[in-house]
Amino acid sequence: MSGKTSRRKGHRAELEWVHILRDLGWENARSSREESNYLDACGIDIVNVPINIQVKAGAQRGLNYSEELRQIKEKINQKASHLQDNILILAHRKDGK
């Protein structure tokens, strides 16, 4: 799969979660690609909600959930410490649909 295809799939998955969170009442939920490159670099894909969410879509070869979460927590502690008390969720839809 090409890099462009993977990026599009990831972006679609993030937008799906944005819509889910808006439907749950967080009207200001946005993709960090749209809102904040700074938070996107921390591994946070959805912003303006009281949860830190990293979204994955499709098969992820060698993905270690514990290590991924540890790295995100480390980035948050270093770059966005005001968000370190938020719950961290890694949402992964393996089928990519």
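Below, the figures for the structure above:
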quantity: Yes/no for G62 being among the small types (G, A, S), surrounded by 15 or more Cβ atoms within 10 Å (Cβ to Cβ) and closer than 20 Å to G3 by Cα; calculated: no
quantity: Filter pass, G43 being open to solvent by less than 40 Å² (accessible area, probe 1.4 Å) and within 27 Å of S2 (Cβ to Cβ); calculated: yes
quantity: Subset tally (residues that are closer than 15 Å to I72 by Cα and either hydroxyl-bearing (S, T, Y) or in contact (Cβ under 8 Å) with a residue 40 or more places away in the chain (or both)) for the range 43-59; calculated: 2
quantity: Lone unmet requirement of (1) in contact (Cβ under 8 Å) with a residue 40 or more places away in the chain; (2) of a type in the set (S, T, Y); (3) buried (at least 17 other Cβ atoms within 10 Å of the Cβ) for Y38; calculated: (3)
quantity: Given (1) surrounded by 12 or more Cβ atoms within 10 Å (Cβ to Cβ); (2) at positive phi, number of the condition H11 does not satisfy; calculated: (2)
quantity: Residue satisfying all of: in the range 55-97; in a loop (DSSP other than H, G, I, E, B) and in contact with a strand residue (DSSP E or B) (Cβ under 8 Å, 6 or more places away or on another chain); farthest from C42 (Cα to Cα) among these; calculated: G96
quantity: Within the range 1-31, considering residues that are assigned to a loop (DSSP other than H, G, I, E, B) and within 19 Å of K94 (Cα to Cα), the one modelled with the lowest pLDDT; calculated: M1
quantity: First in the range 70-83 and within 21 Å of V49 (Cβ to Cβ) and open to solvent by 70 Å² or more (accessible area, probe 1.4 Å), second anywhere and polar (S, T, N, Q) and at pLDDT 90 or above, Cβ under 6 Å, 6 or more apart; calculated: N77/Q84
quantity: Checklist (1) in contact (Cβ under 8 Å) with a residue 60 or more places away in the chain; (2) open to solvent by 70 Å² or more (accessible area, probe 1.4 Å) applied to D95, failing item; calculated: (1)
quantity: Failed condition for I44, given (1) closer than 17 Å to A80 by Cβ; (2) assigned to a helix (DSSP H, G or I); calculated: (2)
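The values are calculated or read from the model by the stated rules, or taken from the named source; none is laboratory data. Worth saying up front: this structure is predicted, and the values here are computed from it rather than measured. In this analysis, Cβ positions are derived from the backbone assuming ideal geometry, glycine residues included, and neighbour counts consider all displayed protein chains. All accessible areas refer to the heavy atoms of the entire protein, side chains included, with ligands and DNA or RNA removed. Shrake-Rupley method; radii C 1.70, N 1.55, O 1.52, S 1.80 Å.
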